[in-house]
Amino acid sequence: MQKNTPPRSTIRLTRRGRIALVATGAVVVGTAVAVPLLTLETEEEGRPTTLAVPEGWRASQVYAAVDKALALPAGSTKKSLDKAVLKLPNEAEGNPEGYLFPATYPLQEKVTPDKLLALMVDTANDKFNGAPIAAGAQRNAMNVYQAVTIASIVQAEAATKADMGKVARVIFNRLERGMPLQMDSTINYALNRSTLSTTESDTRIDSPYNSYQRMGLPPTPIDNPGEEAMRAAINPPPGNWLYFVTVRPGDTRFTADYQEHQRNVAEFNAQRKKSGAQAAG
C-alpha cells in the first residue's frame, strides 16, 4: 500500500461506486440493487421454451431460475453439479461462478439441469478462450480466470456500461499499488445478499471475499459477467483513477485525488439527504 494512501477505514469503494466515509461519522447506505426478472419465452400451452440469463446474475440465481424453468424442486439444479460435466478452468475448482454465461438458452423437451449448466459453461468458454479475451488477459499479465473475476466485479460495480472501463482501471490501479480493492460488491457476495447496506461490522467479516481485509482479487468471480464487462476487464482505458462515487444517476466521478474524492462524496451525501427529505415529505 502506498504511504500516502489514506487509512483503510476512510476509503470505502462500494457497489455501484458509492462511497461511505466512516471517518466523518457519515455512513452512506446505498439503494437496493435492481435485479432483472427471469425471462421465459413459452409456447401457447405455457411450457417454457427458452431461459434468459441476465448479465450479473450469481450462480445461485441461475440455479433457482433453472429449477423454476424446468419445474423442479428447489435445490435440484445445484445438486446436479455432482454429476454435471463442466469444462471449467483448474482455478475454479469445480465452482461454475463466472462461467454460467449470460444468454438465452433453449429448453428442449428432455433437457436436464446438468446439461443446461454444461451448455452455459461451454458458451462461456467459447467467448472467453478465443483470441481477443485470452490475448487481452495475457497482455495484462493475468490468466483468463482472473480476467473473468475482474469482469464480475466490474459488472457489479459499474453504474452504467459507459463506466465499466473506468471501474476496471480503478481495480488495476489499486492492485498495482498494493491497495485493497474495498468493493462492497464482494461483501454482498460473501453475505449472499443483493441489497446494499454495508456496515463497519460487515467489513470485518471473516471471508476470503472480504476485499476490505484481504488483498488482491477474491478467490472466484462474484457473478456471471457479460461480454462488455469482459472487454472492459482486458482493455480498460488509461487513467490514474483510484476512487469513484456516483453522485447522482448518470453522474459517476472518478479521481486519483483523495481530497477531490471527499468533495464528491460530500456532494453525494447532500444529494442523498435531500432525496430522503423529499421522500419523507
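Name the pairs whose Cβ atoms lie under 7 Å apart, with the first residue in region 211-238 and of a type in the set (Lys, Arg), the second in a loop (DSSP other than H, G, I, E, B), and 6 or more positions between them or separate chains?
Pairs that qualify, where the first residue is of a type in the set (Lys, Arg) and the partner is in a loop (DSSP other than H, G, I, E, B), are 214/208.
Could you please find all residues in region 256-279 being within 25 Å of residue 164 (Cβ to Cβ), surrounded by fewer than 18 Cβ atoms within 10 Å (Cβ to Cβ) and at pLDDT 85 or above?
Answer for region 256-279, where residues must be within 25 Å of residue 164 (Cβ to Cβ), surrounded by fewer than 18 Cβ atoms within 10 Å (Cβ to Cβ) and at pLDDT 85 or above: 256, 257, 258, 260, 263, 267.
Quickly run through region 184-208 and pick out the residues that are among the acidic types (Asp, Glu) and either at positive phi or at pLDDT 95 or above (or both).
206
Exactly one condition in (1) farther than 20 Å from residue 57 by Cβ; (2) modelled with pLDDT of 95 or more; (3) touching a helix residue (DSSP H, G or I) at 6+ places or on another chain (Cβ under 6 Å) is not met by residue 150; state its number.
Of (1) farther than 20 Å from residue 57 by Cβ; (2) modelled with pLDDT of 95 or more; (3) touching a helix residue (DSSP H, G or I) at 6+ places or on another chain (Cβ under 6 Å), only one is false for residue 150: (1).
If we scan region 167-183, do we find a residue that is out of contact with any Pro (no Cβ under 6 Å at 6 or more places or on another chain), on the phi < 0 side of the Ramachandran plot, surrounded by 24 or more Cβ atoms within 10 Å (Cβ to Cβ) and not in a helix (DSSP H, G or I)?
yes
Name the one entry in 190, 135 that is out of contact with any Leu (no Cβ under 7 Å at 6 or more places or on another chain), open to solvent by 30 Å² or more (accessible area, probe 1.4 Å), under 25 Å from residue 66 (Cα atoms) and small (Gly, Ala, Ser).
Among 190, 135, only 190 is out of contact with any Leu (no Cβ under 7 Å at 6 or more places or on another chain), open to solvent by 30 Å² or more (accessible area, probe 1.4 Å), under 25 Å from residue 66 (Cα atoms) and small (Gly, Ala, Ser).
Condition test on residue 253, is it touching a Gly at 6+ places or on another chain (Cβ under 9 Å), buried (at least 18 other Cβ atoms within 10 Å of the Cβ), of a type in the set (D, E, K, R) and within 30 Å of residue 126 (Cα to Cα)?
For residue 253, the condition - touching a Gly at 6+ places or on another chain (Cβ under 9 Å), buried (at least 18 other Cβ atoms within 10 Å of the Cβ), of a type in the set (D, E, K, R) and within 30 Å of residue 126 (Cα to Cα) - is not met.
Quick check on my filter: what residues within region 198-218 are surrounded by fewer than 16 Cβ atoms within 10 Å (Cβ to Cβ) and within 16 Å of the chain's Cα centre (by Cα)?
Residues satisfying the conditions are 208, 216.
Need pairs with beta-carbon distance below 8 Å; first residue within 28 Å of residue 80 (Cβ to Cβ) and within region 115-137, second of a type in the set (Gly, Ala, Ser) and surrounded by fewer than 17 Cβ atoms within 10 Å (Cβ to Cβ); sequence gap 6+ or separate chains.
Sorted first by the residue in region 115-137, then by its partner, the pairs are 128/134.
Let me confirm something: among 77, 104, which residue is surrounded by fewer than 15 Cβ atoms within 10 Å (Cβ to Cβ), among the β-branched types (Val, Ile, Thr) and over 18 Å from residue 144 (Cβ atoms)?
104
The values are calculated or read from the model by the stated rules, or taken from the named source; none is laboratory data. Every value quoted in this text rests on a predicted model; they were computed, and no experiment measured them. With ideal geometry, Cβ positions are generated from the backbone for all residues, glycine too; neighbour counts draw on all protein chains shown. The area values use the complete protein model at the heavy-atom level, side chains included, leaving out ligands, DNA and RNA. Shrake-Rupley method; radii C 1.70, N 1.55, O 1.52, S 1.80 Å.
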